[in-house]
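The values are calculated or read from the model by the stated rules, or taken from the named source; none is laboratory data. Predicted model only: the values in this text are computed from it and were never measured. Cβ sites come from the backbone with ideal geometry, for glycine too, and all protein chains shown count toward neighbours.
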Amino acid sequence: MQKIYLARQPILNADSKIRAYEIFYRNSYKKSDFSGDRQASTSVITNVLNRFGRKEVLGERRAFVKIDEKFLLSDLIFSIPNQFFVFTLLESIEMSERVVERIKKLYKKNYALVINDIKLDQKMMDKYRRIFDYLSFIKIDFSQNLSYSVEYLILELKSYNVRIIGAKIENSKAYNLARKVGCDWFQGYFFTEPTILENLVYEPNQMNVLKLYNLLMDGTNLDDITTEFENNPEIALQLLQFISSGAFHFQKKISYIHHILTLVGRNEVAEWLMLMVYSKSTSRIKEPFPLMKMIKYRSELMERLLVSVNPEAGSNMIGEAHFAGILSFAGTILNKNMDDFLETIHISDVVKNALLHESDTLGEVYKAIKGIGDSNTQALVEFEKNYGLEVGSVKELVAKYRDEANKFEESVI
């Protein structure tokens with residue numbers, strides 16, 4: 001499978017402790033070519049939230065992410081969790097009335113903003129003075145020759161209650177100067193080069209993402225929307241990664257996809273889907289990855305096997321079976337320890353115990369399905385015996401479903 005990349009560089013305080021990270025876009029191991037700043041911004045954000053995992057990339061720290069004027073003024077910006085990111089305003093953004101009003105609105109909604117790598121002089125002070133009250137940080141470029149008045153300008157900036165970050169510090173001389181003039185935090189190659197992070201790509205089909213978006217916005221019944229999510233495990237897995245970021249705090253434990261959609265809300269899920277489209281983290285290839293086919297296959301088989309041993313199983317129980325099938329591959333796809341991942345999404349005890357301990361009916365169904373893949377005939381014999389099924393009936397169910405699935409795939413190709 002292909003891989004995706006991010007670059008991460010720490011931002012340190014005066015005691016050399018990491019206080020935040022700047023996250024850079026990469027579309028290969030070393031390169032950062034992209035068609036526009038907005039694509040880079042949304043790609044970084046969606047990769048952190050949906051693919052790598054916020055806690056894996058950031059821990060409890062924030063990510064500094066560069067944004068351009070188009071992204072700043074787009075309403076998509078309000079769909080980003082404000083507690084995880086610091087929006088870095090590129091120098092190309094002009095301080096128009098519209099831009100200033102947007103900055104004020106973001107400030108009121110508790111978003112953190114920073115001016116990016118500026119040359120500290122009176123011209124800069126005049127350009128940004130209108131927004132100093134609404135900034136959390138100002139990054140000063142220490143790779144340039146700074147004027148004698150920089151220390152006085154920093155004192156003036158601190159009167160606005162902003163932290164000053166000495167950026168592009170590449171040697172001890174620049175670091176000593178940054179400390180002398182009063183910088184609070186520091187960043188640059190003098191401390192460390194950016195670390196390249198990599199993960200597997202599992203991009204959902206763009207048309208499927210747009211279809212789900214339209215279903216949500218058109219008021220389609222949540223049962224039908226749930227079915228569409230279950231038919232697209234790439235999207236369902238990214239949704240699970242997103243809600244595990246810590247942006248949501250659910251009182252009730254999650255049991256199935258329908259439950260997630262109800263708790264998160266239609267509009268929020270629709271905005272999340274649109275962010276995926278803008279970041280271009282979707283694919284135009286209709287054929288799903290083989291592993292995604294396997295996830296869908298296992299999930300639907302678990303539904304069928306559960307119903308075969310419990311014909312009175314309701315929609316909630318069937319939803320749990322499908323959910324467990326998707327989650328059973330989450331550790332592999334998301335490169336996470338299964339125990340830790342299940343804790344982050346506040347999952348129901350029924351599903352958790354089924355996956356971790358193979359307990360209760362759902363756990364035994366999961367064990368039987370795994371036994372098929374592992375050629376563990378003893379597990380199938382025990383399952384059939386425990387539930388009074390005819391010998392070989394599970395294999396017959398699997399073969400019948402495989403034939404149905406193959407016929408369906410052939411009909412749509």
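Overview of values
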read-out	value
Scope the stretch 175-200; condition among the aliphatic types (A, V, I, L, M), in contact with a Lys or Arg (Cβ under 8 Å, 6 or more places away or on another chain) and surrounded by 16 or more Cβ atoms within 10 Å (Cβ to Cβ); matching residues	Leu197
Helices (runs of 4 or more DSSP H) (entirely within the stretch 315-398) containing at least 1 residues that are modelled with pLDDT of 85 or more and among the polar types (S, T, N, Q)	315-327, 349-357, 360-373, 377-386
Those residues of the stretch 285-299 which are part of a loop (DSSP other than H, G, I, E, B) and at pLDDT 90 or above, in sequence order	none
Subset of the stretch 267-284 [part of a helix (DSSP H, G or I) and either in the same structural domain as Phe78 (by TED's automatic domain parsing) or more than 14 Å from Ile235 (Cα to Cα) (or both)]	Asn267, Glu268, Tyr278
1 or more residues touching a Gly at 6+ places or on another chain (Cβ under 9 Å) and in the same structural domain as Arg62 (by TED's automatic domain parsing): qualifying strands (runs of 3 or more DSSP E) within the stretch 105-190	137-141, 163-167
Among (1) modelled with pLDDT of 95 or more; (2) over 28 Å from the mean Cα position of the chain (by Cα); (3) charged (D, E, K, R), the one test that Lys123 misses	(1)
Filtered residue count, the stretch 137-163, keeping only those that are within 24 Å of Tyr107 (Cβ to Cβ) and out of contact with any Lys or Arg (no Cβ under 7 Å at 6 or more places or on another chain)	14
